[in-house]
Amino acid sequence: PVYVQFWGTRGSCATSGPETVRYGGNTPCTEIRIGGVPLIIDCGTGLRELGVKLSQEFSGRPIEGHIFVGHTHWDHIQGFPFFTPLYNPRNTFSVYSLHGANSSLRSIFGESMALDYFPIPLSSLACKLNFIELVGPVDIGVAKVSFQHLNHPGVCIGFRIETQEKVITYLSDHEDFGRLGGVS
C-alpha cells in the first residue's frame, strides 16, 4: 500500500494555538509510506512528530528511510536535529537534494547543527547517514523519484514519485514568475 500524511504544511515559522488546531502548525514535512519504507519530503518541524511515530512503530527494528529536501531554507530543515531516529545506530537514512547555492548538501546540514545553533553536531548522529546530491532521477527500490526546478529564491525543486503504477507530486514554495522579480 501507498499512503501520504502531512506532518507540517506551514510556511516560514511554526505556529501554535486554536487557529492551527485543525490543520496543524508545523513547517513542511510529508511522509509517503510505500509498504514499510518511509519516504520523507522536507524536514520542517513536523519531522519531530514523525520521528516519534516511526520510533514507536518500528520499536527497535532498524529503519531504512529516504529524505528528500525541496530546498534548504530554514523552515524546510529546522526539524532535522529533532528527528529521533537519527540518534539510533541501527537506522539508515539517505538525504537527497541538490548542491546548495553556496555549499554542499552535507555542509548545509552540518552548518545548521553547528555548536553555535545546536548542542549536538551532525557528526554525532548515530545512524548511518548519507547525503546524496541529485543530478537526475533516483531509484530507491520501491519508487523512482525525479525532480523539477521551481521558481523560488535559492535552489528549489519539486518531486515526482512513481510507485506501484501511481504518481505523487510534491511542489512547494513555487512563485509566479512575474512576481518573484518584483513585477506584478
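The values are calculated or read from the model by the stated rules, or taken from the named source; none is laboratory data. Computed from a predicted structure; not experimentally measured. Positions of Cβ are backbone-derived with ideal geometry, glycine not excepted, and every protein chain shown enters the neighbour counts. What goes into the accessible areas is simple: the full protein's heavy atoms, side chains included, and nothing from ligands, DNA or RNA. Shrake-Rupley method; radii C 1.70, N 1.55, O 1.52, S 1.80 Å.
When you scan region 158-175, do you find a residue that is among the acidic types (D, E) and in contact with a strand residue (DSSP E or B) (Cβ under 7 Å, 6 or more places away or on another chain), even just one?
As a first pass, look at region 158-175 and keep what is among the acidic types (D, E): 162, 165, 173, 175.
Restricting the remaining residues to those that are in contact with a strand residue (DSSP E or B) (Cβ under 7 Å, 6 or more places away or on another chain) gives 162.
Looking through region 158-175, at least one residue is among the acidic types (D, E) and in contact with a strand residue (DSSP E or B) (Cβ under 7 Å, 6 or more places away or on another chain).
Taking the criterion of being modelled with pLDDT of 95 or more, open to solvent by less than 70 Å² (accessible area, probe 1.4 Å) and in contact with a Pro (Cβ under 9 Å, 6 or more places away or on another chain), would at least one residue in region 14-31 satisfy it?
Yes, there is a match, as at least one residue in region 14-31 is modelled with pLDDT of 95 or more, open to solvent by less than 70 Å² (accessible area, probe 1.4 Å) and in contact with a Pro (Cβ under 9 Å, 6 or more places away or on another chain).
Residues that are buried (at least 17 other Cβ atoms within 10 Å of the Cβ), more than 18 Å from S112 (Cβ to Cβ) and polar (S, T, N, Q): does region 63-79 have at least one?
No, region 63-79 has no match at all.
Is one or more of the residues making up region 146-169 over 17 Å from L39 (Cβ atoms) and of a type in the set (A, V, I, L, M)?
Yes, some residue in region 146-169 is over 17 Å from L39 (Cβ atoms) and of a type in the set (A, V, I, L, M).
Looking only at region 148-175, count every residue that is within 24 Å of I108 (Cα to Cα) and either part of a loop (DSSP other than H, G, I, E, B) or free of Cβ contacts under 8 Å to residues at least 24 places away in the same chain (or both) and tell me the total.
The total comes to 15.
What about F147, is it at pLDDT 95 or above, farther than 27 Å from P62 by Cα and aromatic (F, W, Y)?
Values: at pLDDT 95 or above: yes; farther than 27 Å from P62 by Cα: yes; aromatic (F, W, Y): yes.
Yes: the conditions hold for F147.
If we keep just the residues of region 92-122 that are in a loop (DSSP other than H, G, I, E, B), free of Cβ contacts under 8 Å to residues at least 40 places away in the same chain and under 23 Å from G8 (Cα atoms), which is least open to solvent (accessible area, probe 1.4 Å)?
Selected residue: M113.
Name the pairs whose Cβ atoms lie under 9 Å apart, with the first residue in region 58-82 and more than 19 Å from I108 (Cβ to Cβ), the second open to solvent by 10 Å² or more (accessible area, probe 1.4 Å) and part of a helix (DSSP H, G or I), and 6 or more positions between them or separate chains?
That search, which allows pairs on different chains as well, returns I63/S55; I63/E57.
If a residue has to be in a helix (DSSP H, G or I) and not aliphatic (A, V, I, L, M) to count, how many in region 76-91 make the cut?
Within region 76-91, residues that are in a helix (DSSP H, G or I) and not aliphatic (A, V, I, L, M) number 7.
Considering only region 14-28, I want to know if a residue exists there that is under 25 Å from V138 (Cβ atoms) and not in a loop (DSSP other than H, G, I, E, B). Reasoning before the result, please.
Just the residues of region 14-28 that are under 25 Å from V138 (Cβ atoms), to begin with: 27-28.
Those left that are additionally not in a loop (DSSP other than H, G, I, E, B): none.
Within region 14-28, none of the residues are under 25 Å from V138 (Cβ atoms) and not in a loop (DSSP other than H, G, I, E, B).
Can D139 be described as open to solvent by 70 Å² or more (accessible area, probe 1.4 Å), among the acidic types (D, E) and within 17 Å of L39 (Cα to Cα)?
yes
Tell me which residues, restricted to region 123-138, are in a strand (DSSP E or B), touching a helix residue (DSSP H, G or I) at 6+ places or on another chain (Cβ under 8 Å) and either modelled with pLDDT under 95 or not hydrophobic (A, V, I, L, M, F, W, C) (or both). Lay out the reasoning, then the answer.
First, the residues of region 123-138 that are in a strand (DSSP E or B): 128-133, 138.
In the following step, the residues that additionally are touching a helix residue (DSSP H, G or I) at 6+ places or on another chain (Cβ under 8 Å) were identified as 129, 131-133.
Within region 123-138, E133 is the sole residue that qualifies.
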